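Beneath this line is the structure, given in structure tokens, with notes to follow.
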Amino acid sequence: MTARLNYRKAAPQGIAALRGLQDYVENSGLEHTLLELVKTRASQLNGCAYCLDMHTKDARAAGESEQRLYALPAWRETPFFNARERAALAWAEAVTRIDPERIDDQLYATLGAHFNEKEIVDLTLAIVAINGWNRLAIPFRTPPGSYQPAQAAANA
């Protein structure tokens, strides 16, 4: 796959704004492993190869198991995820798909049983951010494969 353009170079101020949201989310207090699961699941739903490559590598680097990553598309049918993670994954799917019927009162109540109000907003912002990154990487064909977690830490 050949990139259509480098969106970071084409619109650095816009990317800096999205990066600011990402920085907020990363420092919000939500568990890093939870955020990587949510980013990976949203990227699966959106079909973003670049972000899947990135976030599965980041998840593994943070200690996430291969078993859980492989089972993520079928998380409802596995015993591998705790109640908090299940609530977050259901929310990530509903917000990514943005079907009002999927964001019903029962889903919100389940989420509220595991997250306080600030955490709900922070989780939603994390989903907004990964969907934004997906919507940049997919149409501009950002090639997957070269991202390395250690490289990202060194560039931060």
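Restricting attention to the stretch 1-41, and to residues there that are of a type in the set (D, E) and part of a helix (DSSP H, G or I), which single residue is surrounded by the most Cβ atoms within 10 Å (Cβ to Cβ)? Quick ask: steps written out before the conclusion?
Looking only at the stretch 1-41, we keep the residues that are of a type in the set (D, E), and these are 23, 26, 31, 36.
Those left that are additionally part of a helix (DSSP H, G or I): 23, 26, 36.
Numbers: D23: 13, E26: 13, E36: 23.
Filtering first and then ranking leaves E36.
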Residue check for D99: over 19 Å from Y24 (Cα atoms), among the charged types (D, E, K, R), out of contact with any helix residue (DSSP H, G or I) (no Cβ under 9 Å at 6 or more places or on another chain) and open to solvent by less than 80 Å² (accessible area, probe 1.4 Å): yes
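Sort through W91, W75 and tell me the only one that's in contact with a Ser or Thr (Cβ under 8 Å, 6 or more places away or on another chain) and either aromatic (F, W, Y) or open to solvent by 40 Å² or more (accessible area, probe 1.4 Å) (or both). Give the steps one after another, and end with the answer.
Values: W75 fails: in contact with a Ser or Thr (Cβ under 8 Å, 6 or more places away or on another chain).
The conditions single out W91.
For the stretch 97-133, which residues satisfy the criterion of being within 14 Å of the chain's Cα centre (by Cα) and among the hydroxyl-bearing types (S, T, Y)? Talk me through it step by step, then tell me what you get.
The first filter runs over the stretch 97-133 and keeps only residues within 14 Å of the chain's Cα centre (by Cα), leaving 97, 122-133.
If the condition is that a residue be within 14 Å of the chain's Cα centre (by Cα) and among the hydroxyl-bearing types (S, T, Y), then T124 is the only one that fits.
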Residues (among the aliphatic types (A, V, I, L, M), under 22 Å from G132 (Cα atoms) and touching a helix residue (DSSP H, G or I) at 6+ places or on another chain (Cβ under 7 Å)) located in the stretch 102-121: I103, I120
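Kindly provide the set of residues from the stretch 102-119 that are over 19 Å from H32 (Cβ atoms) and open to solvent by 30 Å² or more (accessible area, probe 1.4 Å), ordered by number. Reasoning before the result, please.
The first filter runs over the stretch 102-119 and keeps only residues over 19 Å from H32 (Cβ atoms), leaving 102-113, 117.
R102, I103, D104, D105, Q106, Y108, A109, T110, G112, A113, E117, listed by residue number.
Name the residue that is surrounded by the fewest Cβ atoms within 10 Å (Cβ to Cβ), counting only residues in the stretch 42-69 that are in contact with an Asp or Glu (Cβ under 7 Å, 6 or more places away or on another chain) and assigned to a helix (DSSP H, G or I).
Narrowing the stretch 42-69 to residues in contact with an Asp or Glu (Cβ under 7 Å, 6 or more places away or on another chain): 45, 55, 58-59, 62, 64.
Still in the list and also assigned to a helix (DSSP H, G or I): 45, 55, 58-59.
Working: L45: 15, H55: 27, D58: 21, A59: 23.
The selected residue is L45.
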Report whether or not A83 is touching a Ser or Thr at 6+ places or on another chain (Cβ under 7 Å), over 29 Å from R141 (Cα atoms) and modelled with pLDDT of 95 or more. no
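The values are calculated or read from the model by the stated rules, or taken from the named source; none is laboratory data. Because the structure is predicted, anything quoted here is derived from the model rather than measured. Cβ atoms come from the backbone with ideal geometry, glycine included; neighbour counts cover every protein chain shown. Ligands, DNA and RNA are excluded from the accessible area calculation, which covers all protein heavy atoms including side chains. Shrake-Rupley method; radii C 1.70, N 1.55, O 1.52, S 1.80 Å.
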